[in-house]
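A short write-up of the structure that comes next.
Any read-out appearing in this document is the output of simple, stated calculations on the displayed coordinates, not a laboratory observation. Only a predicted model underlies this, so the values are computations on that prediction, with no experimental measurement involved. All Cβ positions, glycine included, derive from the backbone under ideal geometry; neighbour counts span all protein chains shown.
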Amino acid sequence: MNWEEIRKEYETSSITMKELAEKHGAKLGTLKSRASREKWLSNHDKKVATKKATERKKVATKKVEKIIESNSELKGWEIQFCYEYIKSWNATKSYMKARDVAYSTAAVEGSKLLRKPNIIKAIKDIKKETDTELLISVEDIKREYFKQSFADVTDFVEYGANEIQVHDKHGNPLMNTNGELVTYKDSYVNFKDMSEIDGRLIKEVRMGKDGPVIQLYDKQKAMQELLKLISNDGPSGTEKVVFLSSEEQMEQWIAENGESNGG
């Protein structure tokens, strides 16, 4: 199997990992493992990287210019870190977005930044500039709870079983007494590519004793919180509850009926 050609095809075309595996007769798990190990970059990954680089070079808004002027001793990426931190309140993730480094490095360096007086000042300045704006609406919260309520494990992993043919020591297909091919089921579980999933729906990813573990948010709790928000729409809390079966239906309902002013 020519792995160099397979990698080239993946990095220069719009073919998916699954289609690539089927085309070349390779196991999807093996293909994904090799792509991860050798850091293959699909066309999508390259476009995302280019987009991020372009976004960082965009002309700053008046508020951003004001922040930069009052914190001129900071480097550009340090200002970006402060903005990312205001959005997520997570120093590690903010450092990763600002510097494009590994998680282990970001965990250490992000924490160090939060101890610097000039960084703390910039964060406070940014917070002050944005405190007068509504950065998140009730509808935003509803959407997040909606997604958590209906998130499914198949959104994040692919699993199933392949029928594998058994061969003898000479490599010949093994037959049973009825003249039928002998096969067995080989189960598999594969994580979907990061570009295919919404990481905000994952509460935790960790390595367990038997392999990776993905923990989603509590669906029942999310449903309860969503129901509270929907039930409390309107000044008297008497507005009817509308049940929708998908996020697309929710977006359509909002478009037709408008967003709630309550909550």
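Just add up the charged neighbours of LEU216: K/R +1, D/E -1, any other residue whose Cβ is under 12 Å from the Cβ of LEU216. Write out the running numbers ahead of the final one.
Details: positive: LYS147, ARG200, LYS203, LYS219, LYS221; negative: ASP152, ASP155, ASP198, GLU204, ASP218.
Net charge around LEU216: 0.
Using 1/(1 + (r/R0)^6) with R0 = 22 angstrom and r between the beta carbons of THR183 and ARG37, what's the FRET efficiency to the nearest 0.05?
On the way: r = 30 Å, r/R0 = 1.36.
After rounding to 0.05, the efficiency reads 0.15.
Mind ranking 91-102, 215-226 by how tightly packed they are, going by the mean number of other C-beta atoms within 10 angstrom, highest first? Could the numbers behind the result be given before it?
Working: 91-102: 18.4, 215-226: 14.4.
The most tightly packed comes first, giving 91-102, 215-226.
From the cross-link list LYS87/LYS121; LYS23/LYS169; LYS93/LYS116; LYS75/LYS192; LYS203/LYS228, which pairs have alpha carbons spaced over 25 Å apart? Intermediate values should be presented prior to the final figure.
Values: LYS87/LYS121 16 Å; LYS23/LYS169 28 Å; LYS93/LYS116 18 Å; LYS75/LYS192 36 Å; LYS203/LYS228 22 Å.
Distance filter (> 25 Å) returns LYS23/LYS169; LYS75/LYS192.
What do you get when you divide the Cα radius of gyration of the range 82-226 by 2.2 N^0.38 Å, with N the number of residues? Write out the running numbers ahead of the final one.
Working: Rg = 24.2 Å, N = 145, 2.2 N^0.38 = 14.6 Å.
The range 82-226 yields a ratio of 1.66.
Quickly rank 20-32, 1-13 as a protection proxy: mean count of other C-beta atoms within 10 Å, highest first. All intermediate terms of the calculation are to be shown ahead of the outcome.
Working: 20-32: 15.1, 1-13: 13.2.
Going from most to least packed, we get 20-32, 1-13.
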